[in-house]
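One structure below.
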Amino acid sequence: MKLKPLEDRVVVKAVAPMEKTKGGIYLPDTAKEKPQEGEIIAVGPGKHSSTGDIIKPAVKKGDRVIYGKYSGTEISVEGEEYMIMRESDLYAIVGK
Amino acid sequence: MKLKPLEDRVVVKAVAPMEKTKGGIYLPDTAKEKPQEGEIIAVGPGKHSSTGDIIKPAVKKGDRVIYGKYSGTEISVEGEEYMIMRESDLYAIVGK
Amino acid sequence: MKLKPLEDRVVVKAVAPMEKTKGGIYLPDTAKEKPQEGEIIAVGPGKHSSTGDIIKPAVKKGDRVIYGKYSGTEISVEGEEYMIMRESDLYAIVGK
Amino acid sequence: MKLKPLEDRVVVKAVAPMEKTKGGIYLPDTAKEKPQEGEIIAVGPGKHSSTGDIIKPAVKKGDRVIYGKYSGTEISVEGEEYMIMRESDLYAIVGK
Amino acid sequence: MKLKPLEDRVVVKAVAPMEKTKGGIYLPDTAKEKPQEGEIIAVGPGKHSSTGDIIKPAVKKGDRVIYGKYSGTEISVEGEEYMIMRESDLYAIVGK
Amino acid sequence: MKLKPLEDRVVVKAVAPMEKTKGGIYLPDTAKEKPQEGEIIAVGPGKHSSTGDIIKPAVKKGDRVIYGKYSGTEISVEGEEYMIMRESDLYAIVGK
Amino acid sequence: MKLKPLEDRVVVKAVAPMEKTKGGIYLPDTAKEKPQEGEIIAVGPGKHSSTGDIIKPAVKKGDRVIYGKYSGTEISVEGEEYMIMRESDLYAIVGK
């Protein structure tokens, strides 16, 4: 990734998760207004606290994350679509 | 729970409480616009104060909590529905 | 009370005050858009200052308080109706 | 006054000032949209600064004050009407 | 002036400035939506910084000042009209 | 200039810049919604940080500056028109 | 560049990037509502933290940056069009 996000911004590549139902059958997640899953591609240095110190991001490159469907801004880099958003727009890291 | 909430976010599993009337009969809580009861499934590390320190969450995994009916965002993990919200959206812990 | 409020929240039980007129006759307070009187049932640990310290609440369990008629959220616990609100929604303590 | 205001709130009893014209004749202040004059009946302990310290109120019981006509909330205590408002809603103290 | 302004408020007496044109003829300033000129009659002790310290006002009694035409609140004291406003509503001091 | 701006305000005299086109011909800037160029006539002492310290202005008397066309307030001093605005309304200093 | 931006402002020269599709064909970016690419022409000294310290900008002259299409203000200097905006309007630096 040739983009270096500024402040507490992150570049995310959306992924289409397969959901597993209770009965064990995988169903694609179609028309639901659910949060989006993605992979962190690049992370900024962090934002400044009100006293001017850097607050380091809690996510790192390669993390799987959940974020609001309408968060951030679309950006295309070398023909690929990404989202760039503030770290505070990320809800959670998806553990392995 | 494979979700690790970020900042002061919590993952909550809604529960359908049975209310006990004064006379001792249990009634399901139907059409009321009341706060929702749930169980804390996962807790983030806490948010940053304006000076950059972490403020530790006051709730922990397994706590029964009360939160606003319209707080947070729905999220589905492995076929189960959860809510993810800020700790400040939680009103109270339900003691045992 | 099995509810433990979070942050600077308080649980209040509304009471119907009897007002005494100048001439000494008691009249129920009927249609007036006046603040509400209640009793503090439970108090949270307090909110955080911007530097992360806890600011202790100034009210305690058993205090009679005055609060805005439209403050807070209704909540029912074991068949009883309560209000849960921020301490800053309370106007005053009613002395004895 | 049995009310103990919380934070930086004050209880004020409105007074109807008689205005003296330049020519020396007293006229009641009738239809004007002017600030209101009142007497401080009770004062809260003060509000918290962003670092959590108490900022002491600058007014005290018995002070004559000027405040915005639409500031605060009406409250009746033992048949008497008062206003409860934040100290920041007070414009000035009326000196003797 | 019997009014003692609170916080960073000032009492101002509006004055009707005579403007001097480039050619040297005085013209009254009539229908223009320009800032207003006035004289400081009384000054409050100053406002609190976010850490609770007093920030002393930069103006003093007797200063000629310029302020927004729609700033502050009209107030009448002993038959005279004044304006009461925050010091931050003042644009500049008019030097002699 | 007899005006002494308060806080971080500056008095600016608008100037009508002549723009040089790429081909070297000067054209007056007519109907464009572009920022305005002006000269700093007077500078206030600076604004207070949230902790109460003065933040010194970065501009000084005589600086050529660029500012938003709709920033600040018109003011006339001895028949001359000026603008008074906050230093934060200035975009840039024009170097020589 | 004869403009010296104030605070955390930057002067940016928009560039029209050629996008490379997955198949390797270059296509001009036409009707898309995507962020804009530009080059940093000048950088201000940085903004003040709430305690009055300068927060140094993270970008420098010559950096390629991505910013919101509707961020900042157009400005023309010697017949050339530029954008002036806050550093926080920049999303990312484009690495080489």
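The values are calculated or read from the model by the stated rules, or taken from the named source; none is laboratory data. Note that this is a predicted model, so its numbers are computed, not measured. For neighbour counting, all protein chains shown are included, and Cβ atoms are generated from backbone atoms with ideal geometry for every residue, glycine included.
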Inset, instruction - Output the residues belonging to the range G:1-37 that are assigned to a strand (DSSP E or B), at pLDDT 95 or above and closer than 30 Å to A:Thr51 by Cα. - result: G:Lys4, G:Pro5, G:Arg9, G:Val10, G:Val11, G:Val12
Inset, instruction - Keeping to the range E:85-96, report how many residues are within 11 Å of the chain's Cα centre (by Cα) and either farther than 23 Å from F:Arg86 by Cβ or at the interface with chain F (Cβ under 10 Å from one of its Cβ atoms) (or both). - result: 8
Legend entry - Residue count for the range D:30-64, restricted to those that are acidic (Asp, Glu) and either free of Cβ contacts under 8 Å to residues at least 24 places away in the same chain or within 14 Å of chain C (Cβ to nearest Cβ) (or both): 1
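Among the residues of the range G:70-79, write down those that are buried (at least 16 other Cβ atoms within 10 Å of the Cβ) and either more than 19 Å from F:Pro35 (Cα to Cα) or of a type outside the set (Val, Ile, Thr) (or both).
From the range G:70-79, those buried (at least 16 other Cβ atoms within 10 Å of the Cβ) are G:71-73, G:75, G:77; that's our starting set.
Answer for the range G:70-79, where residues must be buried (at least 16 other Cβ atoms within 10 Å of the Cβ) and either more than 19 Å from F:Pro35 (Cα to Cα) or of a type outside the set (Val, Ile, Thr) (or both): G:Ser71, G:Gly72.
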Inset, instruction - Check whether at least one residue in the range B:74-81 is assigned to a strand (DSSP E or B) and touching a Leu at 6+ places or on another chain (Cβ under 8 Å), and report yes or no. - result: yes
Inset, instruction - Working carefully through the options G:Tyr82, G:Tyr67, find the one that is more than 9 Å from every other protein chain (Cβ to nearest Cβ), touching a helix residue (DSSP H, G or I) at 6+ places or on another chain (Cβ under 8 Å) and crowded, with 17+ Cβ neighbours inside 10 Å. - result: G:Tyr67
Legend entry - Which numbered condition G:Lys69 misses (of (1) touching a strand residue (DSSP E or B) at 6+ places or on another chain (Cβ under 7 Å); (2) basic (Lys, Arg); (3) at pLDDT 90 or above): (3)
Legend entry - Residues (in contact with a Pro (Cβ under 9 Å, 6 or more places away or on another chain), buried (at least 16 other Cβ atoms within 10 Å of the Cβ) and under 30 Å from D:Met83 (Cβ atoms)) located in the range C:42-63: C:Ala42, C:Val43, C:Gly44, C:Gly46, C:Lys47, C:Pro57, C:Ala58
